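Q: Take a look at the following structure, please.
The values are calculated or read from the model by the stated rules, or taken from the named source; none is laboratory data. The model shown is predicted, which means the values in this text are computed figures rather than measured ones. All Cβ positions, glycine included, derive from the backbone under ideal geometry; neighbour counts span all protein chains shown.
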Amino acid sequence: MDDFLKENYSLITSLVELFAAIIGVISFKKFKYTPVKYIIYFLVYAFFVDLIGGYPSYLRDIGYFHLIEGTLIESNYWWYTLFWWIGLAFIMVFVNYKIVKTVRFKQIIKYGFYIYLLQVILYIIFKFENLFVSDEFISIASLWIVILSIIIYFFETLASEKIVLFYKSMYFYFNAIFFIWILIVIPLEFFESYFLEDDWAYVLFKWKIHLSLNIFLYMTLSAALLFCKPKAQ
């Protein structure tokens, strides 16, 4: 099982993401006049981010890894920092800002995002080289703004008539699924610096958790896109 995972982890992840992206494209016509379309954009975006992010492995497989060996982009931390974690923060904040109706809540999301953006910009300016060796700071910063936007969505839903039909809303599943995903990912991000990449026991453990989470995330979002209706949003 472990050997199979070593050989096929990236392929399985890409296939799951591709499936969700295809379901999103198929469902696009149904949701094109709602903010759900941005979730579909994100699913397609996430597929390409992970696909391109595997460039170290691709180059190693075809014998051209020496082109980036010893350079800042030898590892793909910078890629996932800039395009996955910041991208996730953008989409979660943007979608929830769009669907939240309470002015006070919209302001909290907006100014919270400004604070997050300031953190990211200052970190990149003053810790530029860290982008290429670790994504820990920006991933944790991204997680707090994502959690903030999710909590605000749930709080407004619980305090409104939308709670009656919450189970029919794509936005509910979008936020609930990512909330569960984040609760499990946070401990991995906090303790990442205590583990070495050549510790295969840990690497495989982490891969198993991430693969299970990704399957849950993308399959559940795919099901929600298929069964939710725009009028229930």
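Q: If you take just the helices (runs of 4 or more DSSP H) that sit entirely in segment 118-233, which of them hold at least 3 residues that are modelled with pLDDT under 85?
A: Ranges flagged: 170-190, 200-227.
Q: Look at residue 88 and say whether it is crowded, with 20+ Cβ neighbours inside 10 Å, closer than 14 Å to residue 140 by Cα and out of contact with any Leu (no Cβ under 6 Å at 6 or more places or on another chain).
A: yes
Q: May I pose another question? Scan segment 83-98 and report the pairs whose first residue is under 19 Å from residue 53 (Cα atoms) and whose second residue is assigned to a helix (DSSP H, G or I) and of a type in the set (Gly, Ala, Ser), with Cβ atoms within less than 7 Å and a gap of 6+ or a chain change.
A: 85/139; 85/142; 86/142; 88/142; 89/142
Q: Still on this structure, I have one more. If a residue must be part of a loop (DSSP other than H, G, I, E, B) and surrounded by 14 or more Cβ atoms within 10 Å (Cβ to Cβ), how many such residues does segment 37-72 contain?
A: Summing the residues that are part of a loop (DSSP other than H, G, I, E, B) and surrounded by 14 or more Cβ atoms within 10 Å (Cβ to Cβ) in segment 37-72 gives 2.
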